[in-house]
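To start, the structure under review is shown below, and the notes come after it.
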Amino acid sequence: MSSELDLLKQLRDITGAGILDCKKYLTKSKNNLDEAVKLMRSEAGVKAEKKSNRIAAEGVVHYFSNKSKSLLIEINSETDFVAKGDDFLNYVQKTCEIIVNQPCLNLLELTESNQHEIKTELEELRKNYVTKLGENIQIRRFEVIDKENNSVAGYTHNNKIGAMVILKSSDEQLSKDICMQIVASSPLALDEKSIDSKILDNEREVYKAELKKIDKKDDIKRNILEGKIKKFISENTLLNQPFIKDGSLTLNNILKDNKILSYTRYQLGEGIDKKQEDFAQEVYSQIK
């Protein structure tokens with residue numbers, strides 16, 4: 001019969017839970033290891049569901065690549081404190097390894113697919129780490145690219161902003177430069193044709209309102225308006241932005257015979273209504 005200390009170690013290795021929790025569930029199960037695991041995971045699921053309602057706006061943006069696929073993913077936690085820890089980063093790594101070994105290319109596809117085993121595996125992994133870390137954890141979004149017929153590269157900055165780009169022809173340095181450009185300059189679109197017409201219409205309305213205050217002839221105002229729109233397009237389209245390594249050039253200038261087929265940019269927490277907490281409250285939330 002295993003000693004209590006051996007059982008504690010085995011339960012901790014299986015579940016990743018703390019010593020006190022392991023001892024609690026071993027006591028409840030009368031030192032039956034299998035029963036302790038079942039009980040812990042059953043109650044962990046309830047706890048995880050409760051935590052799933054809490055806002056998770058921190059976390060990481062991570063680029064993952066193997067021989068066959070590349071992946072850009074955002075996974076959220078509640079606090080930056082947890083997001084920087086090895087346990088959370090281990091969870092991110094395990095999640096990426098699962099996702100690249102399934103056929104869906106993004107989170108929506110996976111959610112609506114019949115990949116039930118993969119979805120269950122991801123959810124069980126998530127719940128285990130929610131219990132271990134004491135915070136809500138959510139996979140917010142991801143994009144997977146098959147590398148068989150694509151030249152793919154990615155870059156992340158401090159786990160907060162990331163980019164992934166597909167080029168027509170392989171070029172390691174150019175790919176890296178483009179990813180850094182995307183991360184640094186936050187383009188709205190690849191080129192003028194790609195910009196949402198609603199965005200341009202909104203900008204026009206803003207500029208028209210400004211020009212009403214200026215005492216100029218209508219034809220002059222039209223020229224000013226078109227100039228402002230052209231500047232907006234130049235500053236917000238990837239191919240026309242000043243190149244970060246040489247402001248006298250654009251990506252159009254340095255691409256030469258190559259071509260950007262598509263790109264993805266994730267910034268951590270963008271669009272999430274983030275609850276403001278001070279550091280003391282952040283630490284306190286860890287022990288609730």
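The values are calculated or read from the model by the stated rules, or taken from the named source; none is laboratory data. Treat the numbers as computed from the prediction; the structure is a model and nothing was measured. When we count neighbours, we look across all protein chains shown, and the Cβ atoms used for this are built from the backbone with ideal geometry, even at glycine.
Quick rundown of the values:
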| read-out | value |
| --- | --- |
| Qualifying residue in region 67-77 (condition: at pLDDT below 95, part of a helix (DSSP H, G or I) and under 25 Å from Ile14 (Cα atoms)) | no |
| Qualifying residues in region 142-177 (those that are outside any strand (DSSP E or B) and either under 18 Å from the mean Cα position of the chain (by Cα) or aliphatic (A, V, I, L, M) (or both)) - the one farthest from Thr79 (Cα to Cα) | Leu174 |
| Residues within region 18-40 that are more than 32 Å from the chain's Cα centre (by Cα), in contact (Cβ under 8 Å) with a residue 24 or more places away in the chain and within 23 Å of Asp87 (Cβ to Cβ), tallied | 2 |
| Residue list for region 72-88, restricted to those being under 16 Å from Leu110 (Cβ atoms) and in contact with a Gly (Cβ under 8 Å, 6 or more places away or on another chain) | Leu72, Glu74, Ile75 |
| Any chance Val92 is assigned to a strand (DSSP E or B) and among the hydrophobic types (A, V, I, L, M, F, W, C) | no |
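Each row is one residue, and each column tells you yes or no for (1) touching a helix residue (DSSP H, G or I) at 6+ places or on another chain (Cβ under 6 Å); (2) over 15 Å from Leu268 (Cβ atoms); (3) of a type outside the set (A, V, I, L, M); (4) surrounded by 15 or more Cβ atoms within 10 Å (Cβ to Cβ).
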{"site": "Arg126", "(1), (2), (3), (4)": "no, yes, yes, yes"}
{"site": "Asp146", "(1), (2), (3), (4)": "no, yes, yes, no"}
{"site": "Val165", "(1), (2), (3), (4)": "yes, yes, no, yes"}
{"site": "Asp196", "(1), (2), (3), (4)": "no, yes, yes, no"}
